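Please treat every number below as a calculation from the coordinates, not as lab data. Note that the structure is a prediction, hence the values are computed from the model and not measured. Note that we place each Cβ from the backbone using ideal geometry, even for glycine, and neighbour counts take in every protein chain shown.
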Amino acid sequence: MISYNSLSDSELTNLLKSDDSLAFAEIYDRYFGLLYVHAFNRVRDKEEAKDVVQELFTFLWANHATIEFKTNLSNYLYTATRNRILNLIGRKQIHERYRLKLPEYIITSGLTDHLVRERQLAEIIEKEVQALPPKMRAVFEMSRKYHMTYKEIAEQLDITEQSVRSHVKNALKILRVKLGIIAFLAFILLNK
């Protein structure tokens, strides 16, 4: 029986290429801890370091028959670990860049959508206000657009405050029916 822990790296790689799972297990036992420390020193995260090394050994076993070791086994494993760490860091930087831009995009697109809807709603409301009878429309606009008091409107139009109150009340009733409750509430809130 072969004592795998006494074999050299080159002997283990030859056995690995010939589909020897025990040679793979010896390589794993021999290098996992060292590669983990190497990875942890770079990424400073235990789980990420472990994942990098696990991914390397998964790749090594899946491709053991076709891998060409241009250098010795330890150089190959350290280089492969370093490359995986660099890929991980690159992916993290890309994710961070997009993560930072995402709120800006969401806020911008949400704000744009909100402004478009607000403009459309304002146009609908304005159309309905313009459809009111002339005297009622004048009183309503003075009250809501120009924020005049009922007394000021009454004095300017030479009508009673009660007439002003009635015109505004009737205008609101008409708009509530024509615009529906949602648009009406939005109108009230937008024109405070």
Q: Check the straight Cα-Cα distances from LYS46 and name the lysines below 24 Å, setting aside those fewer than 8 residues away within the same chain.
A: LYS92
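If R₀ is 25 angstrom, what is the calculated FRET efficiency for the pair ASP158 and GLU123, using the beta carbon separation as r and rounding to 0.05? Numbers along the way, then the final one.
Numbers: r = 32 Å, r/R0 = 1.29.
It comes to 0.20.
Please give the charge dipole size of region 4-98, origin at the Cα centre, charges +1 on K and R Cβ atoms and -1 on D and E Cβ atoms. Round to the nearest 20 debye. Mind dumping the intermediate values first?
Working: 12 positive and 13 negative charges, 113 e Å.
My answer is approximately 540 debye.
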Q: Starting at the first residue of region 73-89, write each ³J(HN,Hα) from the Karplus equation 6.51 cos²θ - 1.76 cosθ + 1.60 with θ = phi - 60°, in whole Hz, x for Gly and Pro.
A: 4, 5, 4, 4, 5, 5, 5, 5, 5, 4, 5, 5, 5, 4, 4, 4, 4
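How big is the charge dipole of region 135-179 about its Cα centre, in debye rounded to the nearest 20, if each Lys and Arg gets +1 on its Cβ and each Asp and Glu gets -1 on its Cβ? Walk me through the numbers on the way to the answer.
Values: 10 positive and 5 negative charges, 83 e Å.
About 400 debye.
Could you work out how much longer the chain between HIS95 and ILE2 gets when fully extended? Use 0.36 nm per residue separation minus the Cα distance between them, nm to one decimal. Mind showing how you got there, number by number?
Details: separation 93, 0.36 × 93 = 33.48 nm, distance 4.74 nm.
The span from HIS95 to ILE2 would gain 28.7 nm if fully extended.
Among the trypsin sites (Lys or Arg not before Pro) in region 5-55, which ones are in a DSSP loop with at most 16 other Cβ atoms within 10 Å of the Cβ? Mind listing them?
Details: sites: LYS17, ARG30, ARG42, ARG44, LYS46, LYS50; in loops: ARG44.
When the trypsin sites (Lys or Arg not before Pro) of region 5-55 are filtered for loop state and at most 16 Cβ neighbours within 10 Å, ARG44 remain.
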